[in-house]
Amino acid sequence: MHPKNILNADLHCHSVVSDGTLTPEVLAERAKTNGVELWALTDHDEISGQHRAMAAARARGMAYLTGTEISVTFAGETVHIVGLGFDPDDAALAQGLRDTRGGREQRAMEMSESLAKAGIHGAFEGALKFVGNPELISRTHFARFLVETGVCRETPEVFRKYLTEGKPGYVPHRWATLKDAVTWITQAKGVAIIAHPGRYNFSANEEYALFTEFKAHGGCGVEVVTGSHTKQEFVKYAETAKEFGLAASRGSDFHSPDESHTDLGKLPFLPGELTPVWELLADRIQQ
Ligand code: AMP
Ligand code: MN
Ligand code: MN
Ligand code: MN
């Protein structure tokens, strides 16, 4: 029996159902090979890969939690809220996610127009070639097109030069509210978690407001150990978890063998003094 935090849980990654490049089955195989003991697939604004991921995990004898990563607009910024352990057949959650995905095609066409003004043509059609789910065209797919055509060498360079605020190809977008995202997850019997808090451009006051409002709406966890955090951020958000009485999560945010620097299951363990989110979800884990 492990001490509670010494578990190779990877509770954040993406498949072709959103902006990853691998299928749920190939991801499950990779997670198993890398020693993952508890896995969740968390596609952006989507749960249509959940039954496949669950079956693939079960076939490999790997414990599974249902997952998603919801795009939220808070204080003018995009924030991501991970949901874990919800009922994958919950109708209100499915409808909320459908509404959240709804504006993506129009946004993508506007992104393409903006890139065309900067001399990059055919980006909508180019990005679509990389899309696995027609309802989920994302900036990542545009980034792959700009790498394919040689405009940039790799996807982080695309985000530095394009697709972010103030750069060509950026189109502001209004996602779900924090309250709605947390409510959809918790009413579907899941647990809501603030994803990679170190990645937002918030002042200390705005970050405090995010955590305070998140808790008030019923959120219970925060990602501490994630592929998107530095070692210093592991320490900082371990403190934040304790300050706000939140459980801690761990996940690589793996998207692709060619792009992600953190592979599935290859992260430090959670600091021992934190309550892991899987303790809150013990009765939702599918064995
Ligand atoms: P979207 O939901 O369409 O706004 O796309 C957001 C996705 O873009 C994120 O989930 C990441 O996969 C990717 N992304 C955002 N910023 C960066 C970055 N700086 N470098 C690489 N990928 C990024
Ligand atoms: Mn992504
Ligand atoms: Mn994210
Ligand atoms: Mn993610």
Semi-axes of the equivalent ellipsoid for region 122-254, please: Cα gyration tensor eigenvalues, times 5, square-rooted, ordered largest first, whole Å. 31, 18, 14
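Treating only the Cβ of Lys, Arg, Asp and Glu as charged (+1, +1, -1, -1), what charge dipole size does the chain show about its Cα centre? Round to the nearest 20 debye. Show your work: numbers first, answer last.
Numbers: 29 positive and 38 negative charges, 55 e Å.
Using only the charged Cβ atoms, the result is roughly 260 debye.
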Using Cα pairs closer than 8 Å and at least 6 residues apart in sequence, work out the relative contact order for region 51-136, in percent. 18 percent
Using only the alpha-carbon atoms, how far is helix 50-59 inclined from the longest principal axis of the chain? Give it as 0 to 90 degrees, nearest 10. 50 degrees
Give me Rg/Rg_expected for the chain, where Rg uses Cα atoms only and Rg_expected = 2.2 N^0.38 Å with N residues. 0.96
Largest-first principal axis extents of the Cα set of region 39-104 (Å): 42, 21, 18
Between the alpha carbon centres of region 211-247 and region 58-98 the gap in Å comes to 17 Å
5 angstrom amide H check on residue 74, placed H, neighbours 5+ away: 79
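When you have a sec, figure out the Kirkwood radius of region 183-287 from all distinct Cα pair distances and drop it here in Å to one decimal? Before the final figure, lay out the partial values.
Working: mean 1/r = 0.0692 Å⁻¹.
After inverting the mean inverse Cα-Cα distance, the result is 14.5 Å.
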So what is the relative contact order for region 1-160, in percent, with contacts set as C-alpha pairs under 8 Å and at least six apart? 18 percent
From a point 7 Å beyond the Cα of residue 77 in the direction of its Cβ, which residues of region 178-215 have a backbone N at a distance under 17 Å? 178-179, 193-215
Rounded to 10°, Cα long-axis angle of helix 91-101 versus longest principal axis of the chain: 30 degrees
Sort all Cα-Cα distances of region 1-94 into consecutive 10 angstrom bins from zero, then give the percent of pairs in each bin up to the one containing the longest distance. 17, 47, 28, 8, 0
Expressed in angstrom and ordered largest first, the alpha-carbon extents of region 218-275 along the principal axes are 37, 24, 15
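Please state the relative contact order of the chain as a whole percent: Cα pairs under 8 Å, 6+ residues apart?
Details: 576 pairs, mean separation 66.3, N = 287.
Once normalised by length, the contact order is 23 percent.
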For the Cα atoms of the chain, what angle does the longest principal axis make with the long axis of helix 178-187, in degrees from 0 to 90, nearest 10? 50 degrees
Please give the residues of region 160-182, grouped as numeric ranges, whose backbone N is less than 18 Å from a label point set 7 Å along the Cα-to-Cβ vector of residue 116. 163, 168-172
Once you treat every alpha carbon in region 199-240 as an equal point and sum by Debye, what is log10 I(q)/I(0) at q = 0.20, 0.22, 0.24 Å⁻¹? -0.68, -0.81, -0.94
Filter on 4/231; 179/231; 32/215 - keep pairs with C-alpha separation over 23 Å: 179/231; 32/215
Given region 70-141, report the % of alpha carbon pairs whose separation exceeds 16 Å. 60 percent
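Each value in this text was obtained by applying a stated rule to the coordinates, not by laboratory testing. Since the model is a prediction, treat every value here as computed from it, not as a measurement. A quick note on method: Cβ atoms are made from the backbone with ideal geometry, for glycine too, and the neighbour counts reach across all protein chains shown.
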